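The values are calculated or read from the model by the stated rules, or taken from the named source; none is laboratory data. Computed from a prediction, not measured in an experiment: that's the story for all the values here. Heads up, the Cβs are rebuilt from the backbone with ideal geometry, glycines too, and the neighbour counts pull from every protein chain shown. Ligands, DNA and RNA are excluded from the accessible area calculation, which covers all protein heavy atoms including side chains. Shrake-Rupley method; radii C 1.70, N 1.55, O 1.52, S 1.80 Å.
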Amino acid sequence: MSPNKTIHLTVNGVHYERTVEPRLLLVDFLRDVLDLTGTHIGCEHGVCGACTVLVDGRSMRSCLLFAIQLEGSMIETVESLGTVDKLHPLQESFREYHALQCGFCTPGMLMTGIDLLRTKTLATDEEIRDGLSGNLCRCTGYEHIVAAIRATAKSRKEIT
Ligand code: FES
Ligand code: FES
């Protein structure tokens, strides 16, 4: 087995230096090394989108990246959004529009939604649906998730 490597990266504004096995996936690094369990593991092969996080501002699947590939990167996970007492505007819309049921897909949906809100006009539902096409939800039928993102895009609340 290859020797462990030391990596330096920023997660949710906090700088970390950790020594990890080269085979460690980013999703496992977040959950098991940093104890950030908000990012979920679903299919583990790039299909479901449950593990979506932002890497240097763009949504990516953390089950398809090795942690050692992220040297020097800035990662944002669902924990970077709001708190129970002060939800992020997109989380508030998810609550208001009942955009989740079991909640398993929700962290990935939220982080994909943040990427879309930051980078797209989201002027049409088609654009929202296209942007969400890599995230699977087995519960909601997607209508309420689209509605929540549409409402956030329309309100133009500050998206950070
Ligand atoms: S767990 Fe990564 S895409 Fe499904
Ligand atoms: S809310 Fe259950 S998978 Fe989306």
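Data overview
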| quantity | calculated |
| --- | --- |
| Of the criteria (1) in contact with a helix residue (DSSP H, G or I) (Cβ under 9 Å, 6 or more places away or on another chain); (2) closer than 20 Å to GLY141 by Cβ; (3) without any contact (Cβ under 8 Å) to a residue 40 or more places away in the chain; (4) of a type outside the set (S, T, N, Q), which one CYS102 fails | (1) |
| Within the range 57-76, tally of residues that are in contact with a Leu (Cβ under 7 Å, 6 or more places away or on another chain) and either more than 7 Å from ligand 1 (Cβ to nearest atom) or among the polar types (S, T, N, Q) (or both) | 10 |
| Filtered residue count, the range 75-102, keeping only those that are assigned to a helix (DSSP H, G or I), among the aliphatic types (A, V, I, L, M) and touching a Lys or Arg at 6+ places or on another chain (Cβ under 9 Å) | 1 |
| Any hit, the range 46-56, residues being part of a strand (DSSP E or B), without any contact (Cβ under 8 Å) to a residue 40 or more places away in the chain, within 20 Å of MET109 (Cα to Cα) and within 14 Å of ligand 1 (Cβ to nearest atom) | yes |
| Subset of the range 124-136 that is closer than 21 Å to GLU92 by Cβ and open to solvent by 20 Å² or more (accessible area, probe 1.4 Å) - its residue that is farthest from ligand 1 (Cβ to nearest atom) | ASP125 |
